[in-house]
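A short reminder: the numbers here are calculations on the coordinates, not readings from a lab. Predicted model only: the values in this text are computed from it and were never measured. We place every Cβ from the backbone using ideal geometry, glycine too, and count neighbours over all the protein chains shown.
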């Protein structure tokens, strides 16, 4: 990315003064540059503030969502970024959208022709905070898992093109890191091996197709990051392929996954999509390759 002029920043969200962010974005708007932003804004300490009064008996929502990262804060951060994009013209990508409010902001921005793209993740599309056991640290992540209303809005955003893709945000952790309470456990979801199947299952339940999922998780993502030699099934492109049986179902067993740490937010779920073969650059990924060895150098 840097070789093609890419740049990224990590800063505290602008608090009323957007000039520091605008200063960093403006020099790049004439080039093939994109700024990538994770969306997070700290909730102000307001005794009577609307954001801190959200109540829910479930610990997952109360502790990790309403108390510290409510949907309103995510959407507010996206609004600030969109405002900067409008001023600078810098192509910008929003990471890990988890809220329907953010989808609404992005939909308006795209309607105005602003150069903004966005993604969401499998766990936001398949899990909801009202059906997760208390203290289920395997699902702790940032932004947090939200409710079914938010999930429906994310699917709608994918269906109408407001959200460009789905990425795993794969963040594995050891048992020690995930131990303890929701307040102290590592925030991250391990989803590399099951993420595609989780999204496929959710899509099929909503009347969407395998082709839709491939577009979100392969075609669009390759295009967004400039991997022009892959991402689709075309004779001139690199043959990165998976052979699957989309209607065959299986039960996720975290202990049977290839991850070094058997922790999975989808453990016990029944998903569609059994993978039978995988090809990387035209080579059978498992043919004659000793387990644990590098298949192909990127």
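For region 61-211, the Kirkwood radius over C-alpha pairs fed into Stokes-Einstein at 37 °C and 0.692 mPa s yields D = 205 µm² per second. Placing a pseudo-label 7 Å from each Cα along the Cα-to-Cβ vector at residue 179 and residue 149 gives an inter-label distance of 3.9 nm. Across q = 0.16 Å⁻¹, region 162-283 modelled as identical point scatterers on its alpha-carbon atoms has Debye log10 I(q)/I(0) values of -0.89, in the order of the q list. Relative to its residue count, region 124-186 spans a Cα convex hull of 81 Å³ per residue. With q set to 0.14, 0.18, 0.24, 0.35 Å⁻¹, the log10 of I(q)/I(0) for region 167-206, from the Debye formula over equal scatterers at the Cα positions, is -0.42, -0.60, -0.77, -1.08. What the pair-distance distribution of region 100-159 shows, using all Cα-Cα distances binned every 10 Å from zero, is 20, 49, 23, 7, 1 percent.
The listed peptides 104-111, 185-192, ordered by packing as a protection proxy, come out as 185-192, 104-111 (highest mean of other Cβ atoms within 10 Å first). Listed from fewest to most Cβ neighbours within 10 Å, the set 88, 126 follows the order 88, 126.
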